[in-house]
Structures are given as structure tokens and as C-alpha cells.
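Below: the structure, in C-alpha cells.
The values are calculated or read from the model by the stated rules, or taken from the named source; none is laboratory data. No experiment lies behind these values; they were computed from the predicted model shown. Here the Cβ is made from the backbone with ideal geometry for all residues, glycine too, and neighbour counts use every protein chain on show.
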Amino acid sequence: MVCASLSFIILLAIIIFILREGLPAFSKIGIFQLLFGTEWSPTNNQYGLLPMIVGSLVVTCGSLLLAVPMGIACAILLAEVAPVRVRQMLRPAVELLVGIPSVVFGLVGMLVIVPTIRQIGGTGYSVLAACVVLMAMILPTIISISDDSIRAVPRKYKEGSLAMGATHWQTIWHVLIPAARSGIGAAVVLGIGRAIGETMAMIMVIGNAVIFPDSLLSPARTLTGNIAVEIQYASGTHASALFATAVVLLAFIIILNTITMNIFKRGISGTGNR
Amino acid sequence: MAQVTARSKQKIATAVIWASGVVTALILLTIVLYILAKGLPYVNWQFLTTAPEGGLSGEGGISSAIIATVYLIAFTIALLIIPGIGTAIYLTEYAPDNWFTSAIRYAINTLAGVPSIVFGLFGFALFVTALHFNFSILSGALTLVCLLLPTLISTTEESIRAVPQYQREAGFSLGATKWQTISHVILPAALPGIITGIILCIGRAIGETACLYVTMGGGSAVPTSLLSGGRTLALHVYYLATDTRASEKAMATAAILVILIIIINTLTNWLSQRFHTRMVGRT
């Protein structure tokens, strides 16, 4: 029981510490100025987080747009279409990729993707590079969880559908995917969480300039990057503003989780299966 | 006619799935092969045993990073095991169905989703600043414990739940107390699963950067005590990539990380297969 309380205490401690350090920023700068201010310039006492909020959202959405269709396609391939031998080769590879450290993805991004994008225009350190790197990072998660949930659909669903004369593809599209959607949803939510929380790989490829990204080739900065880049030398209101950044980040994660959980609850109760 | 459309649809869909699936898999495999191909040629004995010298050209090897990584992980796991396994035992065997249990479950689920950098910030505020551990292996390890606790709890819980109910009943029917049953029947049966969980945690600790970046300082000297700062292999990759021009050394370090992850994956797969055979009996 003492042990069990520990994780509860840690969560409380995290919330208390982050709030305690972050609240002075909210009161000193003003919550509106902090959330919607467009200038972030600690030397001039300007602390607006909007560029970073936009940066985080753009990068997350971009990488999801790329990764979700590819991930689900790959999961269908693994779970239903591919012969056993292909599956036996690919599945461990995907699992391996889940564990590859984010700095390694960041490094490949820096040495391969950034120079490639530089050919198109700009410095290469850009929103586009960040989206591509994030895509590669969240793909394995999405693939392996979607694959699991498609394979967890009871066999009789598939047999029932095939027995009624549906083709394999019709069975996949109309029976298996709908039945597995809560698992696939969970995979996407995990992907979002990983994308929003990713720090080091983002610092390495996104350029970290505090501006509104006006094109895919322009640099940007994420909320996580904002904390990591500046915390080691920040003090006073500046440090407090960084803790406030973490408050915003946490709020995002909690809101996201709640919204998606509600959507899936509704979706599941609608069809009447658990 | 409808048959024909369904058939051709099936063909098109299968082709699309194959194409996109294979492309995706190829992209991912290329990343791993690229790192290994670019990095491994630079890995040699000297690289592993000399300390990094710092500076713009990034001279030297990775010995201090290896030592710091080993220190950090050993200390983290030592701190992590008792609370992690204890919580899992409590939740599976003792916890009544009340608000306290659901509060703990909520806390564990929420902690599992908190980004690494937020743990880092917390560690920075509590361990580095408030407790004056400064940028050190100790601060890094304590932060990592917070980060890894949910992972270890849930993997241990799963493996304890996988122990069949009749083994518990057999324990009780022999007159064993609840704790005797847990320590002599359930934990030994669940041990391979628990070890798999610990190895998973080691794997995550090896790859973790963001929360250590703000708690360990990143000095390149060989750490002499728990209170001295340091950089893990993963942090070393970051510093090499951003502060120096030694991209081939960064690649070499990354290749070592990838190989470590491959070893850890193979180990966990092997263990969980053995665990599975033991639970369901030999087939």
C-alpha cells in the first residue's frame, strides 16, 4: 500500500511543482497574454506562447496525416494480407523500431532529411522535416497496436462475413476494421501523445526559431522544444514562463485524451459490442 | 456484375495495401540499416575505450558516456524495482475496489502519458534545484524512476495476472498465508514476466534523452560519484550532432544504441516466449 501510494504521490508532486513554479508566470504575465501573445522574447520580458502552440499543433497534425493511413495500411498487411513468412519478418522489425531512441531518429533527420529539404528551399530545418521525422517515430507504435487489435477480432466475425459471400477486402473493410476501431483509435491517441511530447528529435530538425510557420519549409519551435532549449539558463519570470509552457503541454495532453476517449466510448456503445 | 466489381475492388485494395505496407516497412528498415551501415565502420576498441575530448571537432570516443549510462541505469533499476513490483502486487492481490485504488490507477495511467520533458522539468525543479542534487546522475536516476514507474507497474501487473487462479488456490489449500502464497507461488511463476518488464525499462532508459538533458548536465568527464554530472550514450549523440561537426561519431554512437536495443528486444522476446510456454504448458 505504501508502494502503491508512491505513483500517486509522484503525480501529485509533479502537478504541484509544475503549478507552483508556473503560476507566478500566469499571474505576472497574465493568462491571456501568455496563451495568445505572439512575441516570445525573454530579454524584452515578452512571453507569448502562441507561436509554440501553433508549432506543436502543426507538426503533430502533419505527422498524423502522413502516419495514420500508412500505419493502418501496414497493419492490415501484417494482420490479414501478408503470408505468415512476411509477417514473421516484419513484425519483429516493427517492434524493434518502437524502441529506437528518439535522438537516433533526430540524427537521421538532421543528416538525411534536413539536407534533402534544403535542396527544395530554405535552410532545411523546417516544419516539413519535423513532420517526416515524427511520422517515422509514431509509425511503429500505430502499426503494432493496430495490428494487435485487428488480430484480436474474434475469428467468427471473419468467418461469418466470408460465409455470406463477402470478399476478403469487404470483410476487412466492413467487418474487421470497424470491430477493431477502438484499438486503432488507441493507437492513434498514443501516436498523438508521442508526437506532442517528443522533444529531442524536434529540437534537432525544426530550427527552433520563434516564429509562426508560414510554410512547410519555414522553421518553428514546439512547446517541448521551448522548455528544453531555455530551461538550463532561465531564471525568475523566464523560468516560470517555461514551467507555464509545461502546464499548457499537460493541459493539451489531458484534453486530447479526454476528447478521444469520449469519441470512442460513443462509437463503441453505438454498435452494441464491447 | 456486382460480383465483378467486388472482385476487382478486392484486387485493387490488396494491391494498394501491399504497396503502401511494403513502402512503410521499407522506410523503417532503411532507417535502421542506414544507421548501422554509416555508424558501425567507425566503431572500434579505441572508440569504445577513450573519453570524449569535447570541442568543435568532437575528438575522442565514448568511454565516459558508457560508464555514465551503466551507472545511471543500475541506480535507476535498483530504486525502481521495489516500488514498481510492490505496487503491482498490491493492485493485483490486495487492492479493494474503492476510491483509493481507482485514484492510484488514474495516477498510473496519467503518468504513462506525461511527456518526458515534463518529467525532466519536474526533476529539474525538485531534485536539481530544491534538493540541491545539482545536475547529477542522482537527479537523472530519480527522474527516470518517476518516468519508468508506470511501465514497470503495468508489465508486472500483467504477468502476475497471468498466473492461473488455481495456483493461488493450491497455495491457500496447503495452509499457506496470503503473503507466503504470493512470495512462494505467484512471484516465482510470474518472474520471467517481471524480468521482461525490467529489461523493457532498461531499454527505455537507454533511449531516454529529454528528461535527462535537463537533469544530468551533460558534462563529458568520467563520472566519479552519484553526485557528478554526466552524459548517457543517447545524450552524447545529441551533443555530438548539435555541438560538433563529428557526425560520423554521432552515427557510430547511434549504431551502438541500435545494437543495444536489438539485443534487448531479442532478450525480451525470448523471455516472454518461455514465460508463455510455462503458463500454458508445453505444447
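Among residues of the range B:102-126 that are touching a residue at least 60 places away in the same chain (Cβ under 8 Å) and closer than 20 Å to A:M200 by Cα, those with a Cβ under 7 angstrom from a residue that is crowded, with 24+ Cβ neighbours inside 10 Å and of a type in the set (D, E), sequence gap 6+ or separate chain, pair up as B:S116/B:E208. Being surrounded by 16 or more Cβ atoms within 10 Å (Cβ to Cβ) and either among the charged types (D, E, K, R) or assigned to a helix (DSSP H, G or I) (or both) is a property that A:S7 has. Scanning the range A:10-51 for residues that are within 14 Å of chain B (Cβ to nearest Cβ) and either among the small types (G, A, S) or surrounded by fewer than 18 Cβ atoms within 10 Å (Cβ to Cβ) (or both) turns up A:L12, A:A13, A:I15, A:I16, A:L19, A:R20, A:G22, A:L23, A:P24, A:A25. What about B:G54, is it modelled with pLDDT under 85 and surrounded by 17 or more Cβ atoms within 10 Å (Cβ to Cβ)? So B:G54 does not fit the description; no.
The number of residues in the range B:102-112 that are at the interface with chain A (Cβ under 8 Å from one of its Cβ atoms) and either more than 19 Å from A:V189 (Cα to Cα) or in contact with an Asp or Glu (Cβ under 8 Å, 6 or more places away or on another chain) (or both) comes to 2. Is it the case that some residue within the range B:226-235 is over 21 Å from B:G61 (Cβ atoms) and surrounded by fewer than 22 Cβ atoms within 10 Å (Cβ to Cβ)? Checked against the condition, which is being over 21 Å from B:G61 (Cβ atoms) and surrounded by fewer than 22 Cβ atoms within 10 Å (Cβ to Cβ), the range B:226-235 yields at least one hit.
Does the range B:238-249 hold any residues that are assigned to a helix (DSSP H, G or I) and in contact (Cβ under 8 Å) with a residue 24 or more places away in the chain, and which are they? Within the range B:238-249, B:Y238, B:L240, B:D243, B:E248, B:K249 meet the criteria. Within the range A:216-246, the set of residues being surrounded by fewer than 21 Cβ atoms within 10 Å (Cβ to Cβ) and either part of a helix (DSSP H, G or I) or without any contact (Cβ under 8 Å) to a residue 24 or more places away in the chain (or both) comprises A:V229, A:E230, A:Q232, A:Y233, A:S235, A:G236, A:T237, A:H238. Taken as a whole, the structure leaves A:L57 outside the set of residues that are buried (at least 16 other Cβ atoms within 10 Å of the Cβ) and assigned to a helix (DSSP H, G or I).
A quick yes/no check of all residues on (1) under 19 Å from the mean Cα position of the chain (by Cα); (2) in the same structural domain as B:L200 (by TED's automatic domain parsing); (3) part of a helix (DSSP H, G or I); (4) closer than 30 Å to B:Y239 by Cβ:
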{"site": "B:T69", "(1), (2), (3), (4)": "yes, yes, yes, yes"}
{"site": "B:P83", "(1), (2), (3), (4)": "yes, yes, yes, no"}
{"site": "B:P96", "(1), (2), (3), (4)": "no, yes, no, no"}
{"site": "B:S102", "(1), (2), (3), (4)": "no, yes, yes, no"}
{"site": "B:N109", "(1), (2), (3), (4)": "yes, yes, yes, no"}
{"site": "B:I117", "(1), (2), (3), (4)": "yes, yes, yes, yes"}
{"site": "B:G120", "(1), (2), (3), (4)": "yes, yes, yes, yes"}
{"site": "B:T129", "(1), (2), (3), (4)": "no, yes, yes, yes"}
{"site": "B:F135", "(1), (2), (3), (4)": "no, yes, no, yes"}
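Only one entry of A:M110, A:M89 meets the criterion of being closer than 29 Å to A:V153 by Cα and either assigned to a helix (DSSP H, G or I) or among the basic types (K, R) (or both), and that entry is A:M89.
Just one of the numbered conditions (1) more than 11 Å from every other protein chain (Cβ to nearest Cβ); (2) buried (at least 23 other Cβ atoms within 10 Å of the Cβ) is not true of A:L139: (1).
Rundown of residues vs (1) surrounded by fewer than 17 Cβ atoms within 10 Å (Cβ to Cβ); (2) of a type in the set (A, V, I, L, M, F, W, C), yes/no style:
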site: B:T129; (1), (2): yes, no
site: B:N134; (1), (2): yes, no
site: B:A141; (1), (2): no, yes
site: B:L149; (1), (2): no, yes
site: B:T155; (1), (2): no, no
site: B:V163; (1), (2): no, yes
site: B:S173; (1), (2): yes, no
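Residues in the range A:142-175 that are assigned to a loop (DSSP other than H, G, I, E, B) and crowded, with 16+ Cβ neighbours inside 10 Å: A:V153, A:A166, A:T167. Counting only residues that are modelled with pLDDT of 80 or more, more than 8 Å from chain A (Cβ to nearest Cβ) and more than 23 Å from A:F105 (Cα to Cα), the range B:1-44 holds 5 of them. Restricted to the range A:238-274, and to residues there that are more than 13 Å from chain B (Cβ to nearest Cβ) and in contact with a helix residue (DSSP H, G or I) (Cβ under 6 Å, 6 or more places away or on another chain), the residue that is modelled with the lowest pLDDT is A:I268.
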